[in-house]
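Notes for the one structure printed next.
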Amino acid sequence: MRITLLAATLAAARTRPTALRAALRRRGGDVVETASASCKLSPGRAEELASLNEREHAAECIKVEGEAWSGDLEPEGEIPATDKFAIPDWYLPDLDAELRNNGDVEIHVTRTPLFSQEECQHVIAMADEHANNAGGWGKIPAGRYDVHGGWVKDIVGVKEWFDDMLRTRLYPCLRGLFPNAAGDGSSLRVQSAYLFKYTAETGAATDVHVDSGLLSFTIALNEPEAYDGGGTWFESVDKLVEMPQGHVTFRPGHVRHQGRPLTRGTRYMIGGFIMREDVVEHGRRSIERGVAALGGAVAEANFAAASGESTGVPPEQLAIDALEHAVQVCPRVASAQLNLGTARQRIDDAAGAEVCFQAASTLSPRDPAAFFGRGQCLRELGRRQEAEPLFQEASSLDELDADAAYMAALSASERGDFGSELRWLERALKADPKHAKSLVNRAVLYGEAGDLDNELACNRKAVEANPQSALAANALASCLGMRGMVDESLAVFARVLDGAGWGDAEELARAQKLHGVVTRMKAKQGASSG
Ligand SMILES: O=C(O)CCC(=O)C(=O)O
Ligand SMILES: [Fe+2]
């Protein structure tokens, strides 16, 4: 009988991980203005950050000198006809007015190839040979993916070809298509240029991101028959651009896009990020400075992080300052607002972060990170009901985001809607079959349905997939205790208690308490069988 009571204690410990905080109220008004007005950067600090940007720009211009061709363009450079589409309601951090044509942010895709088949094949052959000589392809990080590739400046033969093409075709196209932003073309500079080799197995995609520069181009080096999937996807208009070999896309750099996942074959492309020697991109540089100070662990994964000049300011503060500066410079740029939200979350300013995420989701309504971040803040602020649809939205926008689906599941379970909880947990586990919290809560649902074998199996899977998760270990140990498998249960609890460093205070206290419960249970078992 005592054993049953102890088991009930363990069953009560079958809890879902949650976090409850006090409630606060929000203010109304235009969301972007509200977020911008929340910035308290002093004019002196703004000036310091601006001069940091100027120095960084000057240093970068020196660095890229010689990495790629620059100077006067071929006067008669040919400009191909393009198909164009607009990105409505989108704002650029720098030269926003100049980068528009008739008020629109435009993406141009060539109608006829800019490069011949022979040219493209030759470029690929040189790149493959370079990789062979180097003992394999390098990897360029692109968010959660590592794409095989290399910097154009380092690839023998390709660099020389690329330099020639900048002068005769690529820069003349930018000058023709974006006349107000490119000027006569002589001040255009390659911030970076890379050659990607996507395969289904290695670095099949990039995350959705913005590029580092005023303008970008993407060159399709091989024929689309060589692969399935791929192409460039433009998030805010949900449009996929798939180009035949030799075609090129020209566009403002700061438009969210993704190299779509490849499911078969190989896709070669060249990407170029273009800046201007005579324009300091204060908006972009402050955003990148903030992102770099946050350790890059934010949604906007630019390939080239800002070159961090040491300032002696702690990283959290530098992030806040730089991103408040960015919001001052370009309040309608979603990535400035989003990253400021992330920076404020880091210093536990949920109310300050929430207004930024709300602005970001208004400015970039298909960016899952803005919804997820706002949902987290609203929970912190005690507004769980408002948070739930935001997690659902984030999960719908990114089916690979297990955290978003998990948070939607948690929200449903808090309302007692276990049917919805199950559906969202299944979605989370489809996105990430190893997601510890989802596995633990899936086990809870099995247990509540009386399916004890699957409850145990699910908890075992959680621990196997996450050997360092105290949450999973505690769940498994409790489950084992409930099933009377006390020795194994005690061993798992002991692992949590010994495992210095993995497990927060809450999980450690839980392990301690439940270890005691199971120890008493074992004593009772011994007494009743002895
Ligand atoms: O693979 C693609 O089409 C896009 C790659 C990319 O992010 C870029 O060119 O900036
Ligand atoms: Fe890109």
Subject >> Those residues of region 239-293 which are of a type in the set (Lys, Arg), within 21 Å of Ile320 (Cα to Cα) and more than 15 Å from ligand 2 (Cβ to nearest atom), in sequence order >> reply: Arg285, Arg289
**OP:** Scan region 147-157 and give yes if some residue there is more than 13 Å from ligand 2 (Cβ to nearest atom), surrounded by 22 or more Cβ atoms within 10 Å (Cβ to Cβ), under 23 Å from Ala81 (Cα atoms) and modelled with pLDDT of 95 or more, otherwise no.
**Re:** no
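Residues are listed down the side, and each one gets a yes or a no for (1) at pLDDT 95 or above; (2) of a type in the set (A, V, I, L, M, F, W, C):
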residue: His282; (1), (2): yes, no
residue: Asn302; (1), (2): no, no
residue: Glu309; (1), (2): no, no
residue: Glu316; (1), (2): no, no
residue: Ile320; (1), (2): yes, yes
residue: Glu324; (1), (2): yes, no
residue: Ala334; (1), (2): yes, yes
residue: Gln337; (1), (2): yes, no
residue: Asp348; (1), (2): yes, no
**OP:** With the condition kept exactly as written, say whether any residue in region 474-497 is out of contact with any Ser or Thr (no Cβ under 9 Å at 6 or more places or on another chain), within 30 Å of Ala523 (Cα to Cα), among the polar types (S, T, N, Q) and part of a helix (DSSP H, G or I).
**Re:** yes
Subject >> Number of positions in region 223-235 that are assigned to a loop (DSSP other than H, G, I, E, B), within 12 Å of ligand 1 (Cβ to nearest atom) and surrounded by fewer than 22 Cβ atoms within 10 Å (Cβ to Cβ) >> reply: 1
Original post:
Is there a residue in region 194-210 that is touching a Phe, Trp or Tyr at 6+ places or on another chain (Cβ under 7 Å), open to solvent by 10 Å² or more (accessible area, probe 1.4 Å) and more than 16 Å from ligand 1 (Cβ to nearest atom)?
Top reply: no
**OP:** Could you pull out every one of the helices (runs of 4 or more DSSP H) wholly within region 67-185 that has 2 or more residues that are in the same structural domain as Val237 (by TED's automatic domain parsing), within 30 Å of Ala326 (Cβ to Cβ) and not β-branched (Val, Ile, Thr)?
**Re:** 171-177, 179-182
Original post:
Yes or no: Ala97 farther than 22 Å from Val208 by Cα and either open to solvent by 40 Å² or more (accessible area, probe 1.4 Å) or away from ligand 1 (no atom under 16 Å from the Cβ) (or both)?
Top reply: yes
Original post:
Looking at (1) part of a strand (DSSP E or B); (2) crowded, with 16+ Cβ neighbours inside 10 Å, which is the one condition that is false for Gln245?
Top reply: (1)
**OP:** Specify which of the listed residues (Glu426, Glu455, Glu421) is open to solvent by 10 Å² or more (accessible area, probe 1.4 Å), of a type in the set (Asp, Glu) and assigned to a helix (DSSP H, G or I).
**Re:** Glu426
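The values are calculated or read from the model by the stated rules, or taken from the named source; none is laboratory data. These figures come from a predicted structure and were not determined experimentally. Cβ atoms come from the backbone with ideal geometry, glycine included; neighbour counts cover every protein chain shown. The area values use the complete protein model at the heavy-atom level, side chains included, leaving out ligands, DNA and RNA. Shrake-Rupley method; radii C 1.70, N 1.55, O 1.52, S 1.80 Å.
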